[in-house]
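Colleague: Dumping the structure here so I can ask a few things about it.
The values are calculated or read from the model by the stated rules, or taken from the named source; none is laboratory data. Because the structure is a prediction, the values reported are computed rather than measured. As a convention, Cβ positions derive from the backbone with ideal geometry for all residues, glycine included, and neighbour counts pool all protein chains shown. SASA here: full protein model, heavy atoms, side chains in, ligands and nucleic acids out. Shrake-Rupley method; radii C 1.70, N 1.55, O 1.52, S 1.80 Å.
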Amino acid sequence: MQMMKKIVVIGGGCGTHSVLRSLREFPAHLSAIVSMADDGGSTGALREAYGVLPPGDVRQCLLALSLAPPEVRAMFEYRYADGPLKGHTVGNIMLTSLERTTGSFESAVETATKLLNVNGAVIPVTLDNIRQGVINAATGERILGEHHIDESVLPEGQWEVFLERVSPEASPRPVEANPKALQAIAEADAIVIGPGSHYTSTMPVLLVPGMIDAIRRAKGRLILNVNLVTSPNHTEGWTATRFVREVEVALDRTVDAATFNTSEIPTGVLAESPGAKQVLPGGINEPESARIVGADIAYKSASPKIPGDEMVRAFIRHDPDLLGPLLWRLINA
């Protein structure tokens, strides 16, 4: 009988949702360690109005692992297209309400886990109220907030990512990692990072103090899901080799394997994300690595835009049915 694998998935948003869905049918206990830097759209409005922690990425991970009836999951994901709640999802509102009634975001997630019959664990990377920023090393210019960073052009090699408390004067202690996140990493048989925006999805998780050290010391295999496409503002021209190298430099640890999509993304699908280009395996001075394993793992059509969602999002996604078998093979290599 095959032993249950302990797998930790790191990131935020749609990318982590796809990875969790791809692995949920395999004999594994899945833990999602989720970014707490999101501040756009419905999540940003709720943070601004009520001072709560960001519910959006957590909501997506809870739904990816939920065994609740389809109509319950659909209700939790429903997004209002008009009226005073336009843009908000029921799940975001529920998590916000649970945080205010239970007294903490951690308790809110635990309660939602029970309500949605979640098979696994969804773990906020930190329970501190944080925001992300970037600073231009040459000029000192700062951009605060994940949403503003997503909409900004970051010239190559000049920007450094940082995290800070939303109200540092109220609590001067440094940002701390959630102990449950560090424990999950220490016990993991495999750690899967990405896909997701390098600067606003991956790095806001890795840069929480304690996370890099925990991943560096972890005994589990380290696997990176390379993005399907580049971002015209942040990672233009990056190859699969470059994505791997950037994560390895950040962690000071070698990636054991990386997934890479080899199927051609149709031009019409690419057009749904203006400026995005399909990630290539390597450049002229970047020899391809055997650790980067290619396969057909992308949807052949773009994900539909949801009415009421005003956020600019990537609509080119991994296909969980194709990604899962590849990841499982790499996890057990």
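Here's the yes/no breakdown for (1) more than 19 Å from Ala250 (Cβ to Cβ); (2) in contact with a Ser or Thr (Cβ under 7 Å, 6 or more places away or on another chain); (3) charged (D, E, K, R):
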{"site": "His148", "(1), (2), (3)": "yes, no, no"}
{"site": "Ala181", "(1), (2), (3)": "no, no, no"}
{"site": "Gly210", "(1), (2), (3)": "no, no, no"}
{"site": "Val229", "(1), (2), (3)": "yes, yes, no"}
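Colleague: Further question on the same structure: Would you confirm, using the coordinates I've provided, whether Asp128 is part of a loop (DSSP other than H, G, I, E, B) and over 19 Å from Cys14 (Cβ atoms)? Give the derivation first.
Modeller: Working: part of a loop (DSSP other than H, G, I, E, B): yes; over 19 Å from Cys14 (Cβ atoms): yes.
Criteria met by Asp128.
Colleague: Among (1) in a helix (DSSP H, G or I); (2) of a type in the set (A, V, I, L, M); (3) in contact (Cβ under 8 Å) with a residue 24 or more places away in the chain, where does Val249 come up short?
Modeller: Every condition holds for Val249 apart from (3).
Colleague: In addition: All but one of (1) in a strand (DSSP E or B); (2) crowded, with 24+ Cβ neighbours inside 10 Å hold for Ser22, so report the exception by its number.
Modeller: With respect to (1) in a strand (DSSP E or B); (2) crowded, with 24+ Cβ neighbours inside 10 Å, Ser22 is out only on (1).
Colleague: So which residues in the range 255-277 are within 20 Å of the chain's Cα centre (by Cα) and modelled with pLDDT of 90 or more?
Modeller: Val255, Asp256, Ala257, Ala258, Thr259, Phe260, Asn261
Colleague: Which ones in the range 285-307 are at pLDDT below 80 and surrounded by 18 or more Cβ atoms within 10 Å (Cβ to Cβ)? Lay out the reasoning, then the answer.
Modeller: Within the range 285-307, the subset at pLDDT below 80 is 285-290, 300-307.
The answer is Ala302, and nothing else.
Colleague: Still on this model: Checking Ile7 against (1) surrounded by fewer than 21 Cβ atoms within 10 Å (Cβ to Cβ); (2) part of a strand (DSSP E or B), which test does it fail?
Modeller: It fails just one condition, (1).
Colleague: Among the residues of the range 104-134, write down those that are of a type in the set (S, T, N, Q) and in contact (Cβ under 8 Å) with a residue 40 or more places away in the chain. Talk me through it step by step, then tell me what you get.
Modeller: Going through the range 104-134, the residues of a type in the set (S, T, N, Q) turn out to be 104, 107, 111, 113, 117, 119, 126, 129, 132.
Passing the criteria: Thr113, Asn117, Asn119, Thr126, Asn129, Gln132.
Colleague: Here is a further query. Scanning for something among the basic types (Lys, Arg) and in contact with a Lys or Arg (Cβ under 8 Å, 6 or more places away or on another chain), does the range 253-260 turn up at least one residue? Spell out how you get there, then give the answer.
Modeller: Within the range 253-260, the subset among the basic types (Lys, Arg) is 253.
Next cut, in contact with a Lys or Arg (Cβ under 8 Å, 6 or more places away or on another chain) only: 253.
Scanning the range 253-260 turns up at least one residue that is among the basic types (Lys, Arg) and in contact with a Lys or Arg (Cβ under 8 Å, 6 or more places away or on another chain).
Colleague: Let me ask something additional. Show the residue pairs that are 6+ apart or on different chains and have beta-carbon atoms under 9 Å apart, the first residue being within the range 174-186 and closer than 16 Å to Ser35 by Cβ, the second being assigned to a helix (DSSP H, G or I) and open to solvent by 90 Å² or more (accessible area, probe 1.4 Å).
Modeller: From the range 174-186, the pairs are Ile185/Arg217.
Colleague: If you go through the range 126-142, how many residues are farther than 28 Å from Tyr50 by Cα and open to solvent by 70 Å² or more (accessible area, probe 1.4 Å)?
Modeller: 4
Colleague: Restricting to the range 143-164, give me the number of residues that are open to solvent by 70 Å² or more (accessible area, probe 1.4 Å) and within 18 Å of Leu206 (Cβ to Cβ).
Modeller: Final tally of qualifying residues: 1.
Colleague: On to the next question. Considering each of Leu206, Leu224, Leu182, Leu228 in turn, give the residue that is more than 22 Å from Phe26 (Cα to Cα) and within 13 Å of the chain's Cα centre (by Cα).
Modeller: Within the list Leu206, Leu224, Leu182, Leu228, the selection yields Leu206.
Colleague: For Met36, work out the one condition from (1) in a loop (DSSP other than H, G, I, E, B); (2) open to solvent by 40 Å² or more (accessible area, probe 1.4 Å) it doesn't fulfil.
Modeller: Status for Met36: all satisfied but (2).
Colleague: While we're on this one: Being under 25 Å from Gly324 (Cβ atoms) and among the charged types (D, E, K, R) is the filter here, so list the residues in the range 211-245 that pass it.
Modeller: Result: Lys219, Arg221.
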